[in-house]
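K.L.:
Here's a structure for you.
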Amino acid sequence: MAVQISPSILSADFARLADEAKAVEETADWLHVDVMDNHFVPNLTLGLPVVQALLKHAALPIDCHLMIEDPDRHAPAYAEAGAGSVTIHAEAAKAPVRTLRAIRAAGARSGLGINPGTAIEPYEDLLDEVDMVLLMTVEPGFGGQKFLDLVLRKIRRARAMITARQGREEREIWLQVDGGVSDETIERCAEAGADVFVAGSAVYGAQDPSRAARDLRAQAERATTRAGWRLSCRRGPSRARARRSPLARLAAPSAGCQSRRGRTR
Ligand code: DX5
Ligand code: ZN
């Protein structure tokens, strides 16, 4: 597993999204975009037109987190627009196999989101269809909430499930945590087995978002090593890969340990 940082623009200045995206492009791996519809969650943010506009201006690949009702109807369009990853919620999808396959067919990584009160176990059979599991570590809907420690046990169980599954195949399934991830909580998440970290207020609420993302990565990498998780060279699609054909975005990340920013993985 390789640590990846996905700053959430929910805590950024919505009037300056292109600049806010640029602010973290040297130190983050993804740009996390929270789509909320005021039905699945009690908040309304943005939708496909804003994602399409961001795709034209952001160098980082877009990590779309759909907190919406009827993702079966809406999710494929985000993948077709060019998002690198599209996550739908288990609690909202009525035909998750079809939808996850449609996301992949459109060239994005498929993600399955799980709320704090939802168990992971009923979704074990879906792992074949999933490139990333997103475990919510707050109730979805708002940035700046307090991290829910009760999810740590589920992170461990999800990591064990993923490890068992990966013994049988080459493909790497990522385990993302989202909500209340900060310098106070990221190490516990990494030790429990998470490898993709969404951080909204901890990055965009900081004086220097780029530095905050870099510091969070360093903390997560130390905790990952301490916990004995293997740090691999695999990482998300590079910005060049994200802009290539949809099929290229489906390919396994290259094995080189030297990232575009010169970090050694
Ligand atoms: C909440 C969103 C998160 C949010 C996290 O429902 O899914 O991505 O931006 O914000 P922080 O990191 O501030 O908890
Ligand atoms: Zn999110």
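The values are calculated or read from the model by the stated rules, or taken from the named source; none is laboratory data. Just so we're clear, the structure is a prediction, and the values are computed from it rather than from any experiment. FYI the Cβ positions are ideal-geometry reconstructions off the backbone, even for glycines, and counts take in every protein chain you see. The accessibility values were calculated without ligands, DNA or RNA, using every heavy atom of the protein model including side chains. Shrake-Rupley method; radii C 1.70, N 1.55, O 1.52, S 1.80 Å.
K.L.:
For the chain, with every protein chain kept in place, what is the accessible area per residue (1.4 Å probe, Å²)?
P.N.:
For the chain, the solvent-accessible area averages 42 Å² per residue.
K.L.:
How high is the relative contact order of the chain, in percent, counting Cα pairs under 8 Å that sit 6 or more residues apart?
P.N.:
22 percent
K.L.:
Let me ask something else. With θ taken as phi - 60° and the coefficients 6.51, -1.76 and 1.60, list the Karplus ³J(HN,Hα) couplings across the stretch 113-120 in order, rounded to whole Hz; mark glycine and proline as x.
P.N.:
Running phi through 6.51 cos²θ - 1.76 cosθ + 1.60 with θ = phi - 60° gives x, 10, 6, x, x, 9, 6, 7 Hz.
K.L.:
How would you rank 28-38, 51-61, 83-93, highest first, on the average number of other Cβ atoms within 10 Å across their residues?
P.N.:
The most tightly packed comes first, giving 83-93, 28-38, 51-61.
K.L.:
Before anything else, pin down the relative contact order of the stretch 17-63: Cα pairs under 8 Å, at least 6 apart, normalised by residue count, whole percent.
P.N.:
It rounds to 49 percent for the stretch 17-63.
K.L.:
Using a Gaussian network model on the chain with a 10 Å cutoff between Cα atoms, which of Pro76, Pro96, Pro42 fluctuates the most?
P.N.:
Pro42
K.L.:
Would you mind telling me the antiparallel percentage of the DSSP bridges in the chain, rounded to 5?
P.N.:
Numbers: 2 of 33 bridges.
The antiparallel fraction comes to roughly 5 percent.
K.L.:
Sticking with the crude label model, points 7 Å out along Cα→Cβ, report the distance from Glu121 to Asp208 in nm, one decimal please.
P.N.:
Simple spin-label model gives 4.7 nm for this pair.
K.L.:
Here's another thing I want to ask about it. Taking the Cα centre of each part, how many Å lie between the stretch 160-188 and the stretch 1-76?
P.N.:
20 Å
K.L.:
Just to be sure I understand the curve: with the Debye formula and one point per C-alpha of the chain, what is log10 I(q)/I(0) at q = 0.11, 0.13, 0.16 Å⁻¹?
P.N.:
Calculated log10 I(q)/I(0) at the listed q: -0.51, -0.75, -1.24.
K.L.:
For every helix of n ≥ 4 consecutive DSSP H residues, a contribution of -39,500 (n - 2.57) applies; sum these over the chain, divide by its total residues, and give [θ] at 222 nm rounded to the nearest 500 deg cm²/dmol. Could you put the intermediate results ahead of the total?
P.N.:
On the way: 10 runs with 92 residues, N = 265.
Mean residue ellipticity at 222 nm (helix-derived): -10000 deg cm²/dmol.
K.L.:
Taking the highest mean first, how do the peptides 154-162, 121-129 order by number of other beta carbon atoms within 10 angstrom per residue?
P.N.:
Put in order of decreasing packing, that is 154-162, 121-129.
K.L.:
Continuing with the same structure: Hey, can you rank 102-112, 136-146 by average C-beta count inside 10 Å, highest first? Before the final figure, lay out the partial values.
P.N.:
Values: 102-112: 22.7, 136-146: 18.4.
Descending mean neighbour count gives 102-112, 136-146.
K.L.:
Further question: In debye to the nearest 20, how big a dipole does the chain give about its Cα centre with +1 on each Lys and Arg Cβ and -1 on each Asp and Glu Cβ?
P.N.:
Dipole magnitude for the chain comes out near 1040 debye.
K.L.:
Let me ask something additional. Under 13 Å Cα-Cα from Lys56, which aspartates and glutamates qualify once same-chain neighbours fewer than 8 residues away are excluded?
P.N.:
Of all the aspartates and glutamates, those that pass the test against Lys56 - Cα under 13 Å, at least 8 places apart if same chain - are Asp19.
K.L.:
Follow-up. Considering only protein heavy atoms and a 1.4 Å probe, what is the carbon-and-sulfur percentage of the accessible area of the chain? Mind dumping the intermediate values first?
P.N.:
Values: 5700 of 11130 Å².
That fraction is 51 percent.
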